[in-house]
Amino acid sequence: MELPVIANTAAGGGCSTSGCGTAPDALGHLPDDIRARVQDHPCYSEEAHHYFARMHVAVAPACNIQCNYCNRKYDCANESRPGVVSELLSPDQAIRKVLAVAAAIPQMSVLGVAGPGDPLANPARTFEIFRQLSERAPDIKLCLSTNGLKLPMYVDEIARHNIDHVTITINCVDPEVGAMIYPWIFWQNRRVRGVEAARILIEQQQKGLEMLTARGILVKVNSVLIPGVNDQHLKEVSKVVKAKGAFLHNVMPLIAEAEHGTYYGLMGQASPTAAQLQELQDACAGDMAMMRHCRQCRADAVGILGEDRGAEFTMDRIDALTLAEIDYESAMVRRKEVHDAIIDQLDQQREARRIPPMPPVLGAVADEMPAAPRPTLRPVLMAVAGKNGVVAEHFGHAREFLVYEASPTGVRFIGHRKTDLYCAGIETCGEGDAAQESVLDKTIAALSGCEVVLCSRIGFEPWGKLEASGIVPNGEHAMEPIEDAVMAVYQEMAASGKLADPAPSRKAA
Amino acid sequence: MALQITDACLNCWACADVCPNDAIALADPHFLIDERKCTECLGDHAEPQCAAICPIEAAIVDELGVYLNPPGSLTGIPVARLVEFGLWKGAA
Ligand code: SF4
Ligand code: SF4
């Protein structure tokens, strides 16, 4: 079967060969049984997310709380704000869609229900899907993202459907903080507001978290970083949820734009800078291994993380399909073969990494490169316009940059930086366009802290602007595996003596 | 006596799921309340359930056309700000 999007990752691109650097360490602190369950999970493992596919179905429109960063009304097909979808599916359509995708994409391993409202505020629709899928595709892992308000009430039902991964969004453990994030909840037939609402929500979230971990269900906690509201408080959140058994705490940046019509957007609440986000992620990682590859993926995305194949499975095609046409039993056999092969490959990579103390990239060129970086050299952050593990994108086409840290001990994946795509296409790509320029400025601001940006190509104007702001553009490694390219640039910097100096002062920004 | 849903509704299903009288149904272009079934929740709940969960301001009105959740009442965004951004037309 030809799978254009996935084919080159499975063949072993750069990201796949060196596995995004930190993955084995990031999992090192976990108990063996949890590590075994997480290490090949496409949502949680940095290694596995390059190989497996996952999808979300939008079947849960209702919600039972209001968050100040959300506006149910102004959803938009172009944005990637979590929980926003353009196409609501009935449970029946969702089941056909999942089975069709799982038959066409044997890498498919996870189905999530994550929105556009709260899955547990839509229990009948949500559990109908889980029930049917556990029956017809028992190998597909099921997961659920929730605000936690109804968790205690549904923990037993969740356990019955064998849903072993639950994500709870927990933004605070202090009701006073919560009152600045949640204007109201719907609770016991009333709309409850203010500190009281936050107190109830927090209580239910914490109880739900405890009940899930007590039943051996994996729990990830997501937090939205809201500067001036919960930024410092999130360190406390991280400690508390870890103590209660959450295996991962993922800090995501607030997205607040006036055009989304959210409370925060309209009231001028600031979003975190890339540096603020990284500081928090680092602080929380001190408590709990934190894998930073989690995208703010749309709740109806199909495919490998970051790759949206939704267009191949539109409502028209799904509606034309009947369950009888899907041979889900032989699809499951095929999936087992593909999954086993992927897991073997991941095992081999882990094994291979255990042996050399030197990063493989360095080792390979060490002979011709006596000037290989010595341990005294400072680390450097580099942004990469990458796809499927290789340096693949035009600077102006990148919707996000992958940030890597290169140091004498190797290359490590740090996180994502989103951009407002500044080059929207030939027709809008006029020179000197003021609006476009400001997007370029924003992109450059998003890359703050990085000293190099790697891309396949870059225009003349952004080149100049990048250099002027102290970021060196580099288009010489197009289509090379990301880690190899980053290490090569690092070695060039080392050879030209640039790494002996302290980092440029703008790095502290 | 019955409540009504206005064209501000965004079809999120929340009200339909909580109505004790099964009075709310999906319709085109938006959910509608069956006035023969709606009791305004009297006898069942202290608050009309649809209006207590609906996330959209101005989506539910009473027989006099009065909003159960007027602009600004759910989000806390000042009405002046909503008007400034073209999200509310002004005096209602
Ligand atoms: S007021 Fe009560 S009975 Fe009437 S539609 Fe709303 S929830 Fe149903
Ligand atoms: S809760 Fe409000 S927005 Fe949602 S369907 Fe009912 S009336 Fe419409």
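At pLDDT below 95 and more than 14 Å from every other protein chain (Cβ to nearest Cβ): is that true of A:Leu151 in this structure? It is false that A:Leu151 is at pLDDT below 95 and more than 14 Å from every other protein chain (Cβ to nearest Cβ). Answer with yes or no whether B:Ala58 is more than 9 Å from every other protein chain (Cβ to nearest Cβ), touching a residue at least 40 places away in the same chain (Cβ under 8 Å), aliphatic (A, V, I, L, M) and touching a strand residue (DSSP E or B) at 6+ places or on another chain (Cβ under 9 Å). Yes; evaluated as a whole, the condition is true for this residue. Taking (1) under 13 Å from the mean Cα position of the chain (by Cα); (2) within 11 Å of ligand 1 (Cβ to nearest atom) in turn, B:Glu35 satisfies each apart from (1).
Take A:Ile185 and tell me if it is in a loop (DSSP other than H, G, I, E, B), within 14 Å of another protein chain (Cβ to nearest Cβ) and either among the small types (Gly, Ala, Ser) or surrounded by 21 or more Cβ atoms within 10 Å (Cβ to Cβ) (or both). Considered against the rule, which asks whether it is in a loop (DSSP other than H, G, I, E, B), within 14 Å of another protein chain (Cβ to nearest Cβ) and either among the small types (Gly, Ala, Ser) or surrounded by 21 or more Cβ atoms within 10 Å (Cβ to Cβ) (or both), A:Ile185 comes out as no.
Screening B:Gln49 on (1) within 11 Å of chain A (Cβ to nearest Cβ); (2) touching a residue at least 60 places away in the same chain (Cβ under 8 Å) shows it passes everything except condition (2).
Quick check: anything in the range A:72-84 modelled with pLDDT under 70, closer than 20 Å to A:Tyr264 by Cα and of a type in the set (S, T, N, Q)? Yes - at least one qualifying residue is present in the range A:72-84.
Consider the range A:196-217. How many of its residues are more than 28 Å from the chain's Cα centre (by Cα) and either within 14 Å of another protein chain (Cβ to nearest Cβ) or over 24 Å from B:His45 (Cβ atoms) (or both)?
Keep residues of the range A:196-217 that are more than 28 Å from the chain's Cα centre (by Cα), which gives A:196-197, A:199-200.
If we keep only those that are either within 14 Å of another protein chain (Cβ to nearest Cβ) or over 24 Å from B:His45 (Cβ atoms) (or both) as well, we get A:197.
Final tally of qualifying residues: 1.
Pairing residues of the range B:1-26 that are at positive phi with residues that are within 10 Å of ligand 2 (Cβ to nearest atom) and not hydrophobic (A, V, I, L, M, F, W, C), at Cβ distances under 6 Å and at least 6 apart in sequence or on separate chains, gives B:Asn11/B:His30; B:Trp13/A:Pro61.
Just need a number here: residues in the range A:89-136 that are farther than 23 Å from A:Glu325 by Cα, more than 12 Å from chain B (Cβ to nearest Cβ) and crowded, with 22+ Cβ neighbours inside 10 Å. Reasoning before the result, please.
Quick first cut of the range A:89-136, residues farther than 23 Å from A:Glu325 by Cα only: A:112-127.
If we keep only those that are more than 12 Å from chain B (Cβ to nearest Cβ) as well, we get A:112-114, A:119, A:127.
The next check asks that each one be crowded, with 22+ Cβ neighbours inside 10 Å; those that pass are A:112-114, A:119.
Residues flagged as farther than 23 Å from A:Glu325 by Cα, more than 12 Å from chain B (Cβ to nearest Cβ) and crowded, with 22+ Cβ neighbours inside 10 Å within the range A:89-136 amount to 4.
From the list A:Met382, A:Met332, which one is modelled with pLDDT of 80 or more and closer than 30 Å to A:Val98 by Cα? Just a single option satisfies the conditions, and that option is A:Met332. Summed over the range B:38-55, residues that are buried (at least 20 other Cβ atoms within 10 Å of the Cβ) and more than 10 Å from ligand 1 (Cβ to nearest atom) total 1.
How about the range B:61-88: which of its residues are among the aromatic types (Phe, Trp, Tyr) and at the interface with another protein chain (Cβ under 7 Å from one of its Cβ atoms)?
Passing the criteria: only B:Phe85.
The residues of the range B:9-23 that are within 9 Å of ligand 1 (Cβ to nearest atom) and closer than 20 Å to A:Ile65 by Cβ, listed by number, are B:Cys15, B:Ala16, B:Val18, B:Cys19.
If you take the residues in the range B:28-39 that are touching a helix residue (DSSP H, G or I) at 6+ places or on another chain (Cβ under 9 Å) and more than 13 Å from chain A (Cβ to nearest Cβ), which one is nearest to B:Gln4 (Cα to Cα)?
B:Ile33
Note on the range B:56-77: residues that are within 15 Å of ligand 1 (Cβ to nearest atom), of a type in the set (A, V, I, L, M, F, W, C) and out of contact with any helix residue (DSSP H, G or I) (no Cβ under 7 Å at 6 or more places or on another chain) total 5. Residues that are within 14 Å of another protein chain (Cβ to nearest Cβ) and more than 10 Å from ligand 2 (Cβ to nearest atom) were ranked within the range B:17-27; the one that is nearest to A:Phe186 (Cα to Cα) is B:Pro20.
Residues that are within 13 Å of chain B (Cβ to nearest Cβ) and either more than 21 Å from B:Pro78 (Cα to Cα) or in a loop (DSSP other than H, G, I, E, B) (or both) within the range A:237-268 comprise A:Ala256, A:Glu257, A:Gly261, A:Thr262, A:Met267, A:Gly268, listed in sequence order. Within the range B:64-75, residues that are touching a residue at least 40 places away in the same chain (Cβ under 8 Å) sit with their Cβ atoms under 9 Å from residues that are not in a loop (DSSP other than H, G, I, E, B), at 6+ positions apart or across chains, in these pairs: B:Leu68/B:Cys50; B:Leu68/B:Ala51; B:Leu68/B:Ala52; B:Leu68/B:Ile60; B:Leu68/B:Val61.
Being out of contact with any Phe, Trp or Tyr (no Cβ under 8 Å at 6 or more places or on another chain) and within 10 Å of ligand 2 (Cβ to nearest atom) is the filter here, so list the residues in the range B:50-67 that pass it.
Let us first name the residues in the range B:50-67 that are out of contact with any Phe, Trp or Tyr (no Cβ under 8 Å at 6 or more places or on another chain), namely B:50-51, B:54-56, B:59, B:62-67.
B:Cys50, B:Ala51, B:Cys54, B:Pro55, B:Ile56, B:Ala59, listed by residue number.
The values are calculated or read from the model by the stated rules, or taken from the named source; none is laboratory data. No experiment lies behind these values; they were computed from the predicted model shown. All Cβ positions, glycine included, derive from the backbone under ideal geometry; neighbour counts span all protein chains shown.
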